[in-house]
Amino acid sequence: MFAGFFPTVLKVGVVTPVHKGGKSSDLKNYRPISALPIFAKIFEHVIYRRLMDHICTNNIISCNQFGYTPKSNTEVAITHILNDIYSAIDNKN
């Protein structure tokens, strides 16, 4: 097995400029879209899932980490903060 090896061909993306609007002669009116090989996307997803499972199982990430974690978003973060504020008010802190 090639531990730590990822084929170079899977690291290459095809970048296509997409016109956003305005004058087509102005380069600022384009945004790059990168198309990656599908196998690379699948591989990345598999590694991400395994890594997140390991991190969550072993409590490596703080419970206050809301970004890029499963079942968490800004609404969960705001709810957490509001609960802390309401608890502080109830405890006259």
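The values are calculated or read from the model by the stated rules, or taken from the named source; none is laboratory data. Everything numeric here is computed off the predicted structure, so don't read it as measured data. Glycine also receives a Cβ, built like all others from the backbone with ideal geometry; neighbour counts cover every protein chain displayed. For the accessible areas, the whole protein counts, side chains as well, though only heavy atoms, and no ligand, DNA or RNA atoms are used. Shrake-Rupley method; radii C 1.70, N 1.55, O 1.52, S 1.80 Å.
Observations on the model:
- GNM top mover of SER72, SER62, SER25 - the chain, alpha-carbon springs below 10 Å: SER25
- Under 5 Å, built H, 5+ apart or other chain: amide partners of TYR30: LYS20
- Helix 38-57 axis, angle to the chain major axis (alpha carbon atoms, nearest 10°): 20
- Radius of gyration over Kirkwood radius for the chain, both on Cα atoms: the Rg/Rh ratio is 1.20.
- Using the 1.4 Å probe convention, the accessible area of the chain works out to 90 Å² per residue with neighbouring protein chains retained.
- Around the Cα centre of the chain, unit charges on the Cβ atoms of Lys, Arg, Asp and Glu (plus for the first two, minus for the last two) sum to a dipole of about 460 debye.
- With respect to the chain, whose longest principal axis is taken over its alpha-carbon atoms, helix 74-90 is tilted by about 20°.
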